[in-house]
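Chemist: Take a look at the following structure, please.
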Amino acid sequence: MMTQSVALLKSQAIRFQLTSLLDLLLIIVFAQYMDVQRSKQVTQIQTQHQLASTRQRLEEEYQHQVSLLNKTHEELMQQNQWLREAKQQAIAMAEAASLRQQRSEGLLKNMLKLNADVLDEALSPAESTETLDRAIETTEMLQSMDGTELLRFFAGYAELLKRAEIWTLHVSDRGDIELQSSSPNAPTQGFRLEAATQIEREQEFLDRLRSVYSQLPQPKGLVVILVSYNPRATAGNFQPVLDGMPAAIEWLGTDSGGQTRFEYAVIGAVTDKERDLAVQQESSADSKQSR
């Protein structure tokens, strides 16, 4: 009987221990289930936060790209407007330049419309036929040029004058010999020949030319002297000048130390309104008649 009671007590003790273990196991399983649920919630919350952050970042990037596109569009519109205005200005400038060129061509053509009557007033037909022919030939050549060639010709002539000088040496009808430099500050230099013989007059011309040359400003690298004489001038006045020019050119080049090159050209018999007495008297008579 005792033995049965002890066995019953042991059986109850074991049953009690199994019940406790089962409860503990259930608690552990429930706790793990709750932990898994909590982890899922945390993960969902984190995922939602990441999605919200990503969405916000994408929206901000989208807005930034839209802003850049709008700015680029505005810049392109401004550039197109600037190009249209620049094109209109270019067209206007081209039209203005074309109009100026046409006017220049017309002006140059009118300047070159010289006729024989005008040349006859300045040249003596008896003594300057060769000069007249050269002048007419040069005028016809210039008249045959188109506007572009004329503009280039006169532009080249203007550039030449920046590096060269044109001097005029004229013997008037009263025997005065005047040298005029193209330099704006150079005064007109004049002298007369007083010697008796032609040889002495030629040497006198060289001496007087040297004297007036010393009073002129320093010339440029090239000097071209145009020699002329009035048709009424006597041979005793202009022939010593013509005969003495080669020696004068040689002396001028030597005196400049090679810094200036001198050349000369004989135009021949022409009238000069500023230097010739006969032309001045005719102008004065015409002025009195007009009054």
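The values are calculated or read from the model by the stated rules, or taken from the named source; none is laboratory data. Since we're looking at a predicted model, the values are computed, not measured. Quick reminder, even Gly has a Cβ in these numbers, built from the backbone with ideal geometry, and neighbours come from all protein chains shown. SASA here: full protein model, heavy atoms, side chains in, ligands and nucleic acids out. Shrake-Rupley method; radii C 1.70, N 1.55, O 1.52, S 1.80 Å.
Chemist: Pairs needed: first member in segment 162-174, hydroxyl-bearing (Ser, Thr, Tyr); second member anywhere, modelled with pLDDT of 90 or more and not in a strand (DSSP E or B); C-beta distance under 7 Å; at least 6 residues apart or different chains.
Modeler: Pairs found: none.
Chemist: Do the conditions hold for Ser11, that is, is it surrounded by 10 or more Cβ atoms within 10 Å (Cβ to Cβ), at pLDDT below 80 and polar (S, T, N, Q)? Explain how you work it out, then say what you get.
Modeler: On the way: surrounded by 10 or more Cβ atoms within 10 Å (Cβ to Cβ): yes; at pLDDT below 80: yes; polar (S, T, N, Q): yes.
In short, yes.
Chemist: Scan (1) in contact (Cβ under 8 Å) with a residue 12 or more places away in the chain; (2) in contact with a Phe, Trp or Tyr (Cβ under 9 Å, 6 or more places away or on another chain); (3) closer than 25 Å to Leu160 by Cα; (4) open to solvent by 40 Å² or more (accessible area, probe 1.4 Å) for the single condition Pro246 breaks and write down its number.
Modeler: (1)
Chemist: Give the residue, chosen from Val212, Val223, Val227, that is assigned to a helix (DSSP H, G or I), among the hydrophobic types (A, V, I, L, M, F, W, C) and either under 18 Å from Gly257 (Cα atoms) or in contact (Cβ under 8 Å) with a residue 24 or more places away in the chain (or both). Show your work before the answer.
Modeler: Values: Val223 fails: assigned to a helix (DSSP H, G or I); Val227 fails: assigned to a helix (DSSP H, G or I).
None of the other options fit; the residue is Val212.
Chemist: Looking only at residues in segment 230-249 that are of a type in the set (A, V, I, L, M), in contact with a strand residue (DSSP E or B) (Cβ under 7 Å, 6 or more places away or on another chain) and in a helix (DSSP H, G or I), which one is farthest from Glu178 (Cα to Cα)? Please lay out each step first, then the result.
Modeler: So the first thing to find is which residues in segment 230-249 are of a type in the set (A, V, I, L, M), and the list is 233, 235, 241-242, 245, 247-249.
Retained after the next criterion (residues that are in contact with a strand residue (DSSP E or B) (Cβ under 7 Å, 6 or more places away or on another chain)): 233, 241-242, 245, 249.
Add one more test, that the residue is in a helix (DSSP H, G or I), and what stays is 241-242, 245, 249.
Numbers: Val241: 11, Leu242: 14, Met245: 14, Ile249: 16 Å.
Looking at the filtered set, the residue picked out is Ile249.
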